Amino acid sequence: TTYNFNPGPSPLPQEVLDHAQANMFNFEQSGMGIMELSHRSPQYEGVHNQTIKQIRKLLDVPEDYSVLLLQGGASLQFAMSAMNFLPADQKAAFVMTGSWSEKAKKEASFYGQTYELATSKANQYKNIPEVDLSLVSPDTAYIHYTSNNTIFGTQWTRFPNSDQPAIVDMSSDILSKEVDWNTVDMAYAGAQKNAGMSGVTIVIVRNSLLDHASENVSPTLSYKQHDKANSLYNTPPTSAIYMTGLVCDWIEKNGGLKGMKQRAEEKAQLIYDEIDGSEGFYTGHADTASRSNMNVTFNLPSEELEKSFLAKAKAEGFVGLNGHRSVGGCRASIYNAVPKEHVEKLISFMKEFRSVNK
Ligand code: PLP
């Protein structure tokens, strides 16, 4: 057995893989695989519109928001959000909670002025910082947040309610819990962690914000253009969109986002309990109040023990437990599709390793 704890791309539900195996290469007995269908065909348009409908339903997206299916990954959204929503005489505020916030700010800086509104960098990004909204400068076009910090293992529970639009990178926790749309004006996420396979990026944007988007952006990079064309302006990543649709169906069958949240909390708690009960053998990176339910980051007493832990884990079928190359240590990514039994296997392994090495 392979126990896949990869941070993304990451496991898909077995039911989704089984369904894809049966249909992806012969879609509805048409003699054509999904990737062989014209994106202008009624068959593909059915898949496309159904996937958008399912995203809207699961996330309870309000009527006055548009759902777009784009390419370029979440990384392109770092730049594209600025190209579309950052006029020359305004600034974008960034709440810095890790490497992805840093990358988001850096990409945006090529298209306009940016500043840090809050940061936990001095605390090695162990916590979600307090945001003092009185520090938001009046010429702020939007505030950017990273809802779950894949590398450091921290997660927001709710976003500040500001007058300025909030743009949120939800790449590593989309579809794992409900979203309060009162506090989010635009959300975006690469699909490859919780929402399918790499290739498609989900963008959900409030229409009143979209109305203000720059007209001075090339059509391929314009949210307005993609919205007008129902994300069929150019060829969309058809197979990836198909997979996202299947993942949405699976989530719906498994209790929707309430079900996903409960599963995520249970799985994360199991690992945090082992960390907290290990008498200092395992130490969590994140401060307790900021812990993520998606990526559990931890260290062992020495780098040597970490190496040995990872090597032994690998030999027993665990994949992807090494921390990000920028921070080291260990990380278990436990997105929606990771079965609870795999987390239980990991706990047994952690207990065993601890008893032998303490
Ligand atoms: N944002 C977050 C929070 C991520 O975890 C990642 C990838 O791991 C990205 C952005 C980058 O996504 P992509 O590789 O789709 O550009």
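Each reported figure results from applying straightforward, stated rules to the coordinates on display, with no laboratory input. These numbers were taken from a predicted model, which means no experiment stands behind them. Virtual Cβ from ideal backbone geometry, glycine too; neighbours counted across all protein chains shown.
By other beta-carbon atoms within 10 Å, ranking ARG158, ARG206 with the fewest at the front produces ARG158, ARG206. Each stretch of four or more DSSP H residues adds -39500 (n - 2.57); spread over every residue of the chain, this sum gives -11500 deg cm²/dmol at 222 nm. Considering only ASN357, GLY329, HIS144, and ranking their Cα positions along the charge dipole of the chain that arises from unit charges at the beta-carbon of Lys, Arg, Asp and Glu, the one farthest toward the positive end is ASN357.
Within the listed set GLY199, GLY31, GLY280, the residue fluctuating most in the Gaussian network model of the chain (springs between alpha-carbon atoms under 10 angstrom) is GLY31. For the pair the range 268-320 and the range 46-100, the centres of their Cα atoms are 32 angstrom apart.
If the convex hull of the alpha-carbon atoms of the range 162-306 is projected onto planes in all directions, what is the mean projected area in square nanometres? Can you show the working numbers first?
Working: hull surface 48.0 nm².
In nm², the orientation-averaged hull projection of the range 162-306 is 12.0.
Computed over every Cα-Cα pair of the chain and binned at 20 Å starting from 0, the pair-distance distribution P(r) comes out as 30, 56, 15, 0 percent.
Rounded if a/c is under 1.5, else prolate if a/b beats b/c, else oblate: with a ≥ b ≥ c from the C-alpha gyration tensor eigenvalues square-rooted, which is the range 99-186? The shape class here is rounded. In terms of surrounding Cβ atoms within a 10 Å radius of their Cβ, ILE334, ILE204, ILE271 rank from fewest to most as ILE271, ILE204, ILE334. Evaluated with a Cβ-only charge set (Lys, Arg +1; Asp, Glu -1), the range 1-84 carries a dipole of roughly 140 debye about its Cα centre, given to the nearest 20.
With neighbour counts taken as other beta-carbon atoms within 10 Å, the residues LEU321, LEU210, LEU175, LEU221 rank, fewest first, as LEU221, LEU210, LEU321, LEU175. Highest mobility in the GNM of the chain, judged by mean-square fluctuation with C-alpha springs under 10 Å and restricted to LYS121, LYS267, LYS91, is found for LYS121.
Please label the shape of the range 1-159 as rounded, prolate or oblate, based on the square roots a ≥ b ≥ c of the eigenvalues of the alpha-carbon gyration tensor (a/c under 1.5 means rounded; beyond that, a/b larger than b/c means prolate, else oblate). Please list the in-between numbers first.
Values: a/c = 2.61, a/b = 1.73, b/c = 1.51.
Prolate shape, in that a/c is at least 1.5 and a/b is the bigger ratio.
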